[in-house]
Amino acid sequence: MNNRLKVLRAERDWSQAKLAELLDVSRQTINAIENSKYDPSLPLAFKIADLFESKIEDIFEPDMENISRA
Amino acid sequence: MSSFLYKESVMKNSGEQDISKDDKRRNLISGLGVGAALGVVLWSALDDLLPFPFDLLIGMGTGLLVGYRIGQRPLMLMRYPPYILRRMLFAGAAFVLGMFAYTTLLDRDLDDGLLMLSSLLAIVPGIAFLFTVGSAIAHLDEMQRRIQTEAIAIAFAGTAIVVLVIFLLGLAGFPNPNWGWLLVVMTFMWLLGKLWTMWRYR
């Protein structure tokens, strides 16, 4: 899954640690999500969407290449 | 104001990023206690190589250093709340002390019933340690919980393979090893599994 988390975070001039603190997760988790190494659970995705006052689908989008391969 | 911005403003105003002075003091006291316990084990393991007070000092010094180091970490960088860490340290030290006491009692001429009872010296703190580990995992965030789960699965599978190899070698006539080493093998496998999964999600 691809996401715009890095861009949204940069727009607010937040560090990964700051975002992690606001979402109650570790900085490593933020890093893994930003690098598409880890897909967050639905509750965490909702939390992220709430924090950036956006919809989930505006932040996360499916990786079509992987979906078509599956 | 969203709940996130509220939390942000509260943290800014209260400076709660640092461990409280009370927690720092408790960490130092816990480090000292656990260090003293490990000093006793060190004295036994070194077989009187160093005088007992020296081993005790080494253990207590190391414990103090660890307690101080934990107190210096910003709260937001800590994976577990300080009290969970202290409980884990205490239960771990009690387990090591229990093992030490049990192996010491094995050398004495006790009857079988008393020996069976004395094995509880290590088992009860061992179970307490497992509970603290479970409680620590429950405090992790979702990705770290997944890392731990995968590491435990790898440790389980790896240990099963080691047991199978030992069993097959036993059938071929090789002597059975000390089964206590399985705990060490399992811990090593867990560490490898954790490093591997952490690398995958890095």
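The values are calculated or read from the model by the stated rules, or taken from the named source; none is laboratory data. Quantities reported herein were computed from a predicted structural model and do not represent experimental measurements. Note that we place each Cβ from the backbone using ideal geometry, even for glycine, and neighbour counts take in every protein chain shown.
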query = Condition test on residue A:58, is it out of contact with any His (no Cβ under 6 Å at 6 or more places or on another chain), of a type in the set (Asp, Glu), more than 11 Å from chain B (Cβ to nearest Cβ) and at positive phi?
reply = no
note = Condition set assigned to a loop (DSSP other than H, G, I, E, B) and either crowded, with 17+ Cβ neighbours inside 10 Å or in contact with a helix residue (DSSP H, G or I) (Cβ under 7 Å, 6 or more places away or on another chain) (or both), scope segment A:11-25, selection nearest to the other protein chains (Cβ to nearest Cβ): answer is A:25
Pair list, Cβ < 8 Å and 6+ apart or interchain, from segment B:107-126 residues that are assigned to a loop (DSSP other than H, G, I, E, B) to residues that are surrounded by fewer than 11 Cβ atoms within 10 Å (Cβ to Cβ) = none
inquiry  = Could you tell me how many of the residues in segment B:144-202 are closer than 30 Å to residue B:119 by Cα and within 14 Å of chain A (Cβ to nearest Cβ)?
reply    = 2
query = When residues of segment A:32-50 are filtered for being part of a helix (DSSP H, G or I) and crowded, with 20+ Cβ neighbours inside 10 Å, how many remain?
reply = 3
note = For residue B:119, the lone unmet condition from (1) surrounded by 13 or more Cβ atoms within 10 Å (Cβ to Cβ); (2) away from chain A (no Cβ under 14 Å); (3) under 30 Å from residue B:27 (Cβ atoms) is (3)
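What is the residue count in segment B:165-180 for residues that are within 29 Å of the chain's Cα centre (by Cα) and at pLDDT 85 or above? Explain how you work it out, then say what you get.
Here is the first cut: in segment B:165-180, the residues within 29 Å of the chain's Cα centre (by Cα) are B:165-167, B:176-180.
Okay, now just the ones that are also at pLDDT 85 or above, so B:165-167.
Selection size over segment B:165-180: 3.
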